[in-house]
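J.: Below you'll find the structure I mean.
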Amino acid sequence: MTALIDIVIEDPRWEAVGLEALAERAAVTALEYLGFPAQGYEVALLACDDARIADLNAEFREKPTPTNVLSWPASDLAAEQDGGTPIAPPPPDPMMRESLGDIAIAYDTCLHEAETGGKPLTDHVTHLIVHGVLHLLGYDHIRGRDATLMEGLETGILGKMGIADPYRE
């Protein structure tokens, strides 16, 4: 089976986290939870540091600060109505994998958030990969009902992976 995640590790600290296997499991679980086959799709993942993600955040969102995760969907699948189900991604071509888009994740911010929140780093990073994959699939959290839907999906996906609800105090 071909890997779903195509990863570029710019910050070697990610190696100790086992990011490649963790991200693969998170992305596959997210797709399967939503009823999509993981086989035939591809997600590009950049594992970087805060400086790199701050540059990307400035370039693409005009926010020159670090953030935990960024995503760039290959297609706009967002639902028009607040709380609506996004459009399904194009089915994979048997001859070539279908790109869902790109995700970047920053080590420094993730580590800080995990430590501050008293969570294992691997659980927090898994949550952020699931979050990024949901963005690639058209889910968002800007509007109220969209946020409720996305958080519910994250909680359900993480629960299938044995990870506690990240939104519970």
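J.: Surrounded by fewer than 18 Cβ atoms within 10 Å (Cβ to Cβ) and over 15 Å from Thr85 (Cβ atoms): which single residue out of Gly152, Gly159 fits that description?
T.: On the way: Gly152 fails: over 15 Å from Thr85 (Cβ atoms).
After ruling out the rest, the residue left standing is Gly159.
J.: Then there's this: Any idea which of Leu4, Leu31, Leu46 is more than 15 Å from His135 (Cβ to Cβ), touching a helix residue (DSSP H, G or I) at 6+ places or on another chain (Cβ under 9 Å) and buried (at least 18 other Cβ atoms within 10 Å of the Cβ)? Quick ask: steps written out before the conclusion?
T.: Values: Leu31 fails: more than 15 Å from His135 (Cβ to Cβ); Leu46 fails: more than 15 Å from His135 (Cβ to Cβ).
Only one candidate qualifies: Leu4.
J.: Is it the case that some residue within region 32-52 is among the charged types (D, E, K, R) and out of contact with any Lys or Arg (no Cβ under 9 Å at 6 or more places or on another chain)? Explain how you work it out, then say what you get.
T.: Applying the first criterion (among the charged types (D, E, K, R)) to region 32-52 yields 32, 42, 49-50, 52.
Applying the additional criterion that residues be out of contact with any Lys or Arg (no Cβ under 9 Å at 6 or more places or on another chain) yields 50, 52.
Yes, that holds for at least one residue.
J.: Identify, from the list Met150, Met96, the residue that is over 14 Å from Val43 (Cβ atoms) and at pLDDT 95 or above. Can you show your working first?
T.: Details: Met96 fails: at pLDDT 95 or above.
Testing whether each residue is over 14 Å from Val43 (Cβ atoms) and at pLDDT 95 or above leaves just Met150.
J.: Taking interchain pairs and intrachain pairs at least six residues apart, which have beta carbon atoms under 7 angstrom, with the first residue in region 99-112 and farther than 17 Å from Glu20 by Cα and in a helix (DSSP H, G or I) and the second among the acidic types (Asp, Glu) and at pLDDT 95 or above?
T.: If the second residue must be among the acidic types (Asp, Glu) and at pLDDT 95 or above, the pairs left are Asp108/Asp49; Asp108/Asp50; Thr109/Asp50.
J.: Of all residues in region 120-169, which are among the charged types (D, E, K, R) and either within 11 Å of the chain's Cα centre (by Cα) or assigned to a helix (DSSP H, G or I) (or both)?
T.: The answer is Asp123, Arg145, Asp146, Glu151, Glu154, Lys160.
J.: Has region 90-97 got at least one residue that is touching a residue at least 12 places away in the same chain (Cβ under 8 Å), buried (at least 16 other Cβ atoms within 10 Å of the Cβ), charged (D, E, K, R) and touching a Phe, Trp or Tyr at 6+ places or on another chain (Cβ under 9 Å)? Explain how you work it out, then say what you get.
T.: Restricting attention to region 90-97, the residues satisfying the condition of being touching a residue at least 12 places away in the same chain (Cβ under 8 Å) are 90-94, 97.
Filter once more, keeping what is buried (at least 16 other Cβ atoms within 10 Å of the Cβ): 92, 97.
Of the ones still in play, those that are also charged (D, E, K, R) are 97.
Now restrict to residues that are touching a Phe, Trp or Tyr at 6+ places or on another chain (Cβ under 9 Å): 97.
Yes, region 90-97 contains a residue that is touching a residue at least 12 places away in the same chain (Cβ under 8 Å), buried (at least 16 other Cβ atoms within 10 Å of the Cβ), charged (D, E, K, R) and touching a Phe, Trp or Tyr at 6+ places or on another chain (Cβ under 9 Å).
J.: For Ala26, only one of the following conditions fails: (1) assigned to a helix (DSSP H, G or I); (2) under 13 Å from the mean Cα position of the chain (by Cα); (3) surrounded by fewer than 19 Cβ atoms within 10 Å (Cβ to Cβ). What is its number?
T.: Just one mismatch for Ala26, condition (3).
J.: Assuming Pro66 fulfils every condition listed in (1) buried (at least 18 other Cβ atoms within 10 Å of the Cβ); (2) in a helix (DSSP H, G or I) apart from one, which condition is it?
T.: Condition not satisfied by Pro66: (2).
J.: Separate question: Name the single residue that is farthest from Ala114 (Cα to Cα) among those in region 48-63 being of a type in the set (Lys, Arg) and in a helix (DSSP H, G or I). Spell out how you get there, then give the answer.
T.: To start, the set of residues in region 48-63 that are of a type in the set (Lys, Arg) comprises 52, 61, 63.
Then keep just the ones that are in a helix (DSSP H, G or I); that gives 52, 61.
Values: Arg52: 20, Arg61: 24 Å.
So the residue we want is Arg61.
The values are calculated or read from the model by the stated rules, or taken from the named source; none is laboratory data. Remember, predicted model here, so these are calculated numbers, not experimental data. Note that we place each Cβ from the backbone using ideal geometry, even for glycine, and neighbour counts take in every protein chain shown.
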